[in-house]
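The values are calculated or read from the model by the stated rules, or taken from the named source; none is laboratory data. Since this is a predicted model, take the numbers as computed values, not measurements. Counting neighbours? That spans all protein chains shown, and the Cβs are built from the backbone with ideal geometry, glycine included. Ligands, DNA and RNA are excluded from the accessible area calculation, which covers all protein heavy atoms including side chains. Shrake-Rupley method; radii C 1.70, N 1.55, O 1.52, S 1.80 Å.
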Amino acid sequence: MQRLITLGLGLFLAACSSVQYNLPVVSSDTDGSRRSGKFIWHDLISDDPRGSEAFYGSLFGWEFQSLELLGANYWIISLNGQPIGGMVEQAGIAAERDISQWMSVMSVADAEQAMAQVSSAGGHVLREPVSIGDRGTIAVFADAQGAHFATLTTASGDPLDTDALPDEGAFLWHELWTSDVSQATSFYAELGDLDAQALEVTSADGDSVDFRVLRGNKLTRAGIRSLPEPDMPTMWMPYLRVTSLDRLETLLLQVPELGGEVLVPAVPRPSGGFVSIIAGPSGAPVALQTWGDDQPLIEDL
């Protein structure tokens, strides 16, 4: 587990600061309003974009649309015709070391206010708010424990909430693994204007897990838990949906064949289903969570 990720704080989106890009909206399915505290986008920073494209394309059928002709080292990732994320080539980012990772992007109503909140809570501003055209204003931060995340203040509104489960291979859940659950809970609750609730959770080994959920508009937006292992770095972990355990085991067999790595094999989750952690060719970890059509939505837990 210690190998999941090793990151420095030298993350500066130099490409965004030197050139003004006009990135498309995250979703056209919006009523024009923002849903503060909701994770609305996901960007993969990859040192091997071609390998990452082949890996996720084969594993989940993701499609990648390059924006290189617009002068951006950026790809839109779609699944079944719907945009679910983007990919940034690490070569276009000024970084002192390999920073391949998934960046979870949270909606905020005011980018400047979010920057002030991060600073006052002991976090780090890694990229001050910058306009990226039709998509809105993005900023990149590290919280006080070192977890990287981004905020987006959309120009035309956030994606609508839905009762439908995401397709297999789409993003299902977001969880912060942190060394200070109480501080992180207070910080993100304030940042996203969310309510927090503690849940009784026991690990597979029978140990008690300090676990909180963040809720907004009566919907659960994310989870915050104590580190699975004490020597792990604090990090946001995105989860992709897989429909069944049989399907998960099939995917895990394909991961090394496609140039990835299984970091954690399938294990049962207290909230239901099974979870595994994999990394694509760039080394960025992501969780695969089984969630069948007959299971309740995470928002209902």
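Could you list, in sequence order, all residues of the range 281-294 that are of a type outside the set (Val, Ile, Thr), surrounded by 22 or more Cβ atoms within 10 Å (Cβ to Cβ) and more than 15 Å from the chain's Cα centre (by Cα)?
Answer for the range 281-294, where residues must be of a type outside the set (Val, Ile, Thr), surrounded by 22 or more Cβ atoms within 10 Å (Cβ to Cβ) and more than 15 Å from the chain's Cα centre (by Cα): 282, 291.
Keeping to the range 216-233, report how many residues are open to solvent by less than 50 Å² (accessible area, probe 1.4 Å) and under 27 Å from residue 158 (Cα atoms).
Total meeting the criteria: 8.
Within the range 195-211, count every residue that is over 23 Å from residue 113 (Cβ atoms), open to solvent by 50 Å² or more (accessible area, probe 1.4 Å) and not hydroxyl-bearing (Ser, Thr, Tyr).
9
Which count do you get for residues in the range 122-155 that are over 15 Å from residue 176 (Cβ atoms) and touching a helix residue (DSSP H, G or I) at 6+ places or on another chain (Cβ under 8 Å)? Explain how you work it out, then say what you get.
Step one: filter the range 122-155 for residues over 15 Å from residue 176 (Cβ atoms), giving 122, 124-140, 152-155.
So of that shortlist, the ones also touching a helix residue (DSSP H, G or I) at 6+ places or on another chain (Cβ under 8 Å) come out as 124-125, 127-130, 132, 137-139, 152-155.
Summing the residues that are over 15 Å from residue 176 (Cβ atoms) and touching a helix residue (DSSP H, G or I) at 6+ places or on another chain (Cβ under 8 Å) in the range 122-155 gives 14.
Just the residues that are modelled with pLDDT of 85 or more, over 14 Å from residue 84 (Cα atoms) and open to solvent by 50 Å² or more (accessible area, probe 1.4 Å), please, taken from the range 15-31.
The answer is 31, and nothing else.
Regarding residue 50, is this residue outside any helix (DSSP H, G or I), of a type in the set (Lys, Arg) and either open to solvent by less than 40 Å² (accessible area, probe 1.4 Å) or at pLDDT 85 or above (or both)?
When the stated conditions are applied, residue 50 does not pass them.
Just one of (1) under 20 Å from residue 167 (Cα atoms); (2) touching a residue at least 40 places away in the same chain (Cβ under 8 Å); (3) of a type in the set (A, V, I, L, M, F, W, C) trips up residue 77, so point out which.
(2)
Name the one entry in 269, 247, 241 that is in contact with a strand residue (DSSP E or B) (Cβ under 7 Å, 6 or more places away or on another chain), open to solvent by 20 Å² or more (accessible area, probe 1.4 Å) and of a type in the set (Lys, Arg).
Of the residues listed, the single one that is in contact with a strand residue (DSSP E or B) (Cβ under 7 Å, 6 or more places away or on another chain), open to solvent by 20 Å² or more (accessible area, probe 1.4 Å) and of a type in the set (Lys, Arg) is 269.
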